[in-house]
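Nothing in this text is a laboratory measurement; each read-out follows from the coordinates by a stated rule. Please read all numbers here as calculations on a predicted model, not as lab measurements. Positions of Cβ are backbone-derived with ideal geometry, glycine not excepted, and every protein chain shown enters the neighbour counts.
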Amino acid sequence: GDSVTQMEGPVTLSEEAFLTINCTYTATGYPSLFWYVQYPGEGLQLLLKATKADDKGSNKGFEATYRKETTSFHLEKGSVQVSDSAVYFCALRPNQAGTALIFGKGTTLSVSS
Amino acid sequence: SAVISQKPSRDICQRGTSLTIQCQVDSQVTMMFWYRQQPGQSLTLIATANQGSEATYESGFVIDKFPISRPNLTFSTLTVSNMSPEDSSIYLCSVTSAGGRETQYFGPGTRLLVL
């Protein structure tokens, strides 16, 4: 079945460092891909999304490009802030209407000043 | 977008009891889902709540343990029955609209601790 694999965490960075969180997927057809973020004590929020190959999703300085050839959707940010400390989830929706998101295990990011 | 509220936001329950969680959406939505997030873990889909018919459960989840209702397009309930400490989790309601191909939004979650 469809699945999402994320890099293991936790990821610990200093402020202004470059961030990459790897995400690869297995799916039939052309799924939609998402990154969600969960700040401490808060609910899940959509960070960005891409619905077809070569699309780039971006928000709050974060970017991810839908790479069908490598089945990847890596999350990047050029300069992280302490406020970016959170758990990041990569997810896919299979190319079938009415199906729920499938999530990766999540990656905890901790940014220190 | 959709604004989702859940009640209760948190609860502490005794083993063997049941808790019903409510999910209310501010607009009519096509699909409603219930997820579980165990401590430090990812989100696992429990079931899809179908309006006017029985919910569709994922492998490992059964109706007797997690009965679900969806009486209309804006409301659903999830009951966690005969609870044990292993049921301690965050339970999240999630929705999509526009034929189910749009963004999936999540409620704030219900934090359940079973003693």
Query raised in the report: (1) surrounded by 14 or more Cβ atoms within 10 Å (Cβ to Cβ); (2) more than 12 Å from chain B (Cβ to nearest Cβ): which one isn't true of A:N95, the others all being true?
Result: (2)
Query raised in the report: Which of (1) within 27 Å of A:Q6 (Cβ to Cβ); (2) surrounded by 14 or more Cβ atoms within 10 Å (Cβ to Cβ); (3) free of Cβ contacts under 8 Å to residues at least 40 places away in the same chain; (4) not aliphatic (A, V, I, L, M) is the odd one out, the single condition B:S59 does not satisfy?
Result: (2)
Query raised in the report: Looking only at residues in the stretch A:31-83 that are acidic (D, E) and part of a loop (DSSP other than H, G, I, E, B), which one is nearest to B:P108 (Cα to Cα)?
Result: A:E42
Report summary line: Residues in the stretch A:64-84 that are surrounded by fewer than 20 Cβ atoms within 10 Å (Cβ to Cβ) and over 14 Å from the mean Cα position of the chain (by Cα) total 8
